[in-house]
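Before any comments, here is the structure.
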Amino acid sequence: MTKRVAVLLGGLSPERDVSLVSGRACAKALREKGYDVVEIDASRDLAQQLKDAAPEIVFNALHGEWGEDGMVQGVLEHFGKPYTHSGVLASALAMDKQKAKAVLRASGIPCPEGLIVNRFEAAKAHAMKPPYVAKPNAQGSSVGVHIVLEGANRPPAELGSEAWALGDEVLIERYIPGRELTVAVMEDRALAVTEIIPNTTFYDYEAKYAAGGSKHILPADVTPAIADQARALALQAHAVLGCRGLTRTDFRYDESANPPLWLLEINTQPGMTPTSLAPEQALFCGIAFNDLVEWMAENASCRR
């Protein structure tokens, strides 16, 4: 009997456009695998949307605030149908960058030190000696991220702007120089190590999603020991935060530092287009995009 899958996409966050692309790609893959697929542009009436769609499985392709931070996961638990990715607690914890790093540090994973500052205070004066990174504490896709370089006279003025709509809590975090590495994890398997070389100042929203915004080196040109360490840390982070399904963990690699690898963040719902980083690593490991998406659907459960 054909299983009916509801793919949640779009949503309410600043990452809506990215989610639409991910969700449509996953819906297409599931249809090609023979599933009965209904696409749901998730709204505040999600419970009613799910009731009307009556799926057997919910594929959560939302990104960012509300869809990735435990809120939608709570609705899905109440709905009582199997769903993909991490559950309520892991999703909420991973989205709160500062709290997630406190848990990760306690397990021995190196993370840059930081502090939470009200955005208006962060806009008035340096909350930390530069260089540092200023970013929303609960957003993804590098939305609203600013790198404040050594010698900068003042913090980013945008933090105090009326146009800022990314929350009043700003994470001020020590800037780690070096190379950008990322590792995708499928439940209990770390896939590979990719080096990301942005064509912008850093791996920001444009570098992630604009055509030609970045170059992916897969496998990363690092020593076997560093590759093994990156995979092990990604698996450890996935397990420590209680994540499920597919995640992607981002690192900075500074070979002159001790330790050389620093975990920047873990993404519980990474981009899901055939050219996104996690599917790219899966393909490198012999797992085609459609097979990855099917695995995610069949891995779904409730009470995650």
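Any read-out appearing in this document is the output of simple, stated calculations on the displayed coordinates, not a laboratory observation. Model, not experiment: these values are computed from the prediction. Here the Cβ is made from the backbone with ideal geometry for all residues, glycine too, and neighbour counts use every protein chain on show.
Quick notes on this one:
- Short-range pairs are left out: with C-alpha atoms under 8 Å and at least six residues apart, the relative contact order of the chain is 21 percent.
- Cα-based shape type of segment 4-84, given that a ≥ b ≥ c are square roots of the gyration tensor eigenvalues and the cut on a/c is 1.5: oblate
- Gyration tensor verdict on segment 210-302 (Cα atoms; rounded if a/c is under 1.5, prolate if a/b is larger than b/c, oblate otherwise): oblate
- Summarising the label geometry, the points placed 7 Å from Cα in the beta-carbon direction at ASP168 and ILE197 lie 4.4 nm from one another.
- Taking 27 Å as the limit for the C-alpha separation, the pairs LYS28/LYS135; LYS124/LYS215; LYS97/LYS129; LYS28/LYS97; LYS3/LYS101 exceed it in the case of LYS28/LYS135; LYS124/LYS215; LYS28/LYS97; LYS3/LYS101.
- GNM on the chain, alpha-carbon springs under 10 angstrom: the most fluctuating residue among ALA257, ALA25, ALA122 is ALA257.
- Relative contact order computed over segment 1-69 (Cα-Cα under 8 Å; 6+ residues apart), in percent: 51 percent
- Between CYS302 and ALA239, the contour length at 0.36 nm per residue exceeds the alpha carbon distance by 20.9 nm.
- The C-alpha atoms of the chain define a longest principal axis, and helix 289-298 lies at about 70 degrees to it.
- Here Cα extents along the principal axes in Å was computed from the coordinates, and among (1) 65, 60, 41; (2) 64, 51, 33; (3) 63, 47, 37 the match is (3).
- Each part reduced to its alpha carbon centroid, segment 123-195 and segment 10-58 end up 29 Å apart.
- Cβ-derived FRET efficiency at R0 41 Å, ALA125 paired with LYS3, nearest 0.05: 0.15
- Computed label-point distance, nm, for sites ALA47 and ASN258 using a 7 Å Cα→Cβ extension: 5.6 nm
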